[in-house]
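Everything on this sheet refers to the single structure shown next.
The values are calculated or read from the model by the stated rules, or taken from the named source; none is laboratory data. Since we're looking at a predicted model, the values are computed, not measured. With ideal geometry, Cβ positions are generated from the backbone for all residues, glycine too; neighbour counts draw on all protein chains shown. Note: areas computed on protein heavy atoms with side chains; ligands, DNA, RNA excluded. Shrake-Rupley method; radii C 1.70, N 1.55, O 1.52, S 1.80 Å.
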Amino acid sequence: MKSAAIEGPNGDGKGRSRARSLFTEIWKHRMVYTLLIPGLVWLIVFAYMPMGGLSLAFKDYKANLGILGSPWVGFENFMYVFRDPAFLDAVWRTLYINIIKLIIQFPFPILVALMLNELRMRRTKKLFQTVLTFPHFLSWIIVSGVVINVLAYDGLVNSALAMLGLPTINFLGSESMFVPMIIFTDIWKSTGWGAIIYLAAISGIDQDQYESAEIDGASRMQQMFRITLPNILPTVTIMFILSVGGLMSSGFDQIFNLANAATKNVSEVLDVYIYRITFQSATDFSFSTAVSLFRSLVNMVLLLLADRVAKIMGGDGLFR
């Protein structure tokens, strides 16, 4: 009892000392913290406050009662979700498309960054970087319009095939061509923008390593594989973990704008499924919220697993 009485005031004193030093540090850098206020307000209003709406997944939503007044139904909505064959098909399609994207698309920004880094003419390098980055700033509505005009029955490609006396191809209505078209357009649109991250990592490499390698007689290819790639490997690992954490999100804008009735069987991924059950059928916000919550939980689990695997393999993860 005596030792506890002695330790209590000391503990309170240490706590007050820490609080005082923290307040002093904040006040010292008050202008920096003031600049953070708009971002924190945005994060709270648009990222944390809407989380209250996730309770809809466990309720039978009634518009006249509101979110708080609607009755609780527990996991009933999730039971309905897993009984729906269309939901299970959408999950499979989402994983299938995103895994193919991860395997094929992920290396492209790395390769582009490495090639741009090898260009010694600064103007040429900037030109290529601008041309490759430009598609990122086009909306998927514009991109899909271009793709449809080029690949339609009376589009550029089929018109050229007809002029050569070759049979036309139904690009937009073919189920077998839908996934390759999705992957190709995504590579074209996102590769240049993704390469910027790796170029930034490459710019932080100590140039003395390259100078030492040149003195030792290393070729440009050897410098790329022995110096550049190992130095950007932590960045590659982080980007890969983030990509794995988004395997259940397949890019609604792209697929929604490029899909049509003929490709419905291969284009209804989880995002499109959520849109359909929310806006194109009898409105059930509780059901669609349950699906969205399931998707977010799976993404979180995949993110944590990828982070753990990266650490086991000796790489850097997102979390300590």
Most positive-pole-ward Cα, ASN117, TRP188, SER174, against dipole of region 35-190 from beta carbon charges | ASN117
So how much accessible area does LYS14 have, in Å² to the nearest 10, using a 1.4 Å probe?
-> 120 Å²
Please state the relative contact order of region 167-320 as a whole percent: Cα pairs under 8 Å, 6+ residues apart?
-> 30 percent
Based on a Kirkwood Rh over C-alpha pairs, give the Stokes-Einstein translational diffusion coefficient of region 121-226 at 10 °C and viscosity 1.306 mPa s in µm²/s.
-> 91 µm²/s
Treating only the Cβ atoms of Lys and Arg (+1) and Asp and Glu (-1) as charged, compute the dipole magnitude of the chain about its Cα centre; round to the nearest 20 debye.
-> 920 debye
Starting from the Cα of ASP60, step 7 Å toward the Cβ, then list every residue of region 266-288 with an amide N under 17 Å from that point.
-> 283-288
Would you mind getting me the FRET efficiency between LEU297 and LEU68? Use the beta-carbon distance for r and R0 = 25 Å, nearest 0.05.
-> 0.60
When every alpha-carbon pair in region 1-157 is counted, what percent end up more than 22 Å apart?
-> 79 percent
How far apart, in nm, are two points set 7 Å out from the Cα along the Cα-to-Cβ line at PHE256 and at MET79?
-> 3.2 nm
Report the accessible area of ARG30, computed with a 1.4 Å probe over the heavy atoms of all protein chains in place, in Å² rounded to the nearest 10.
-> 100 Å²
With at most 16 neighbouring Cβ atoms within 10 Å, loop chymotrypsin sites (Phe, Trp or Tyr not before Pro) (DSSP) excluded, longest segment of the chain | 154-318
1/(1 + (r/R0)^6) with r = Cβ-Cβ of ASP154 and TYR275, R0 = 41 Å, i.e. FRET efficiency to nearest 0.05, evaluates to 0.90
Cα gyration tensor of region 161-314 diagonalised, 5x eigenvalues square-rooted, in angstrom largest first, produces semi-axes 40, 27, 11
Highest GNM mean-square fluctuation among ALA47, ALA195, ALA19, for the chain with Cα springs under 10 Å, belongs to ALA19
Would you mind working out the accessible area per residue for region 67-122, using a 1.4 Å probe, and quoting it in Å²?
-> 62 Å²
Nonlocal amide H pairs with LYS59, under 5 Å, H built at 1.01 Å | VAL73
Jot down the per residue volume, in cubic angstrom and as a whole number, of the convex hull over the alpha-carbon atoms of the chain.
-> 276 Å³
Which one of GLY165, ALA262, PHE134 has its Cα pushed farthest toward the positive end of the charge dipole of the chain, where Lys and Arg give +1 and Asp and Glu give -1 at the Cβ?
-> PHE134
Starting from one equal scatterer on each C-alpha and no solvent at all, send me the Debye-based log10 I(q)/I(0) for region 26-87 at q = 0.21 Å⁻¹, two decimals.
-> -0.88
Once you've got the GNM for the chain with C-alpha springs shorter than 10 Å, pick whichever of GLY165, GLY69, GLY194 has the biggest mean-square fluctuation.
-> GLY165
Can you give the translational diffusion coefficient of region 158-204 in µm²/s, computed by Stokes-Einstein from the Kirkwood radius over Cα pairs at 10 °C and 1.306 mPa s?
-> 118 µm²/s
Calculate what fraction, in whole %, of the accessible area of the chain sits on carbon and sulfur atoms when a 1.4 Å probe is rolled over the protein chains.
-> 68 percent
Give me the accessible area per residue for region 176-231, probe 1.4 Å, as a whole number in Å².
-> 56 Å²
For region 261-302, alpha-carbon Rg relative to the globular expectation (2.2 N^0.38 Å, N residues) = 1.28
Taking only Cα atoms and a 10 Å spring cutoff, compute GNM fluctuations for the chain and point out the largest among GLU214, GLU76, GLU175.
-> GLU214
Toward the positive end of the charge dipole of region 175-320, about the Cα centre and with charges on Cβ (Lys, Arg +1; Asp, Glu -1), which of SER296, ALA213, ILE197 goes farthest?
-> SER296
Each residue of region 233-241 in order: what ³J(HN,Hα) in whole Hz does its phi give by Karplus 6.51 cos²θ - 1.76 cosθ + 1.60, θ = phi - 60°, with x for Gly and Pro?
-> 4, x, 5, 4, 4, 5, 5, 5, 4
Which value at 222 nm does the chain reach when only helices count, each DSSP H run of 4 or more adding -39,500 (n - 2.57), with the total divided by all residues and rounded to the nearest 500 deg cm²/dmol?
-> -22500 deg cm²/dmol
Spin-label point model (7 Å from Cα, Cβ direction): what's the ALA162 to GLN222 distance in nm?
-> 5.8 nm
Contour minus Cα-Cα distance for TYR33 and LYS264 (0.36 nm per residue) | 78.2 nm
Dimensions in Å of region 85-175 - Rg and Dmax from alpha carbons | 18.5, 56
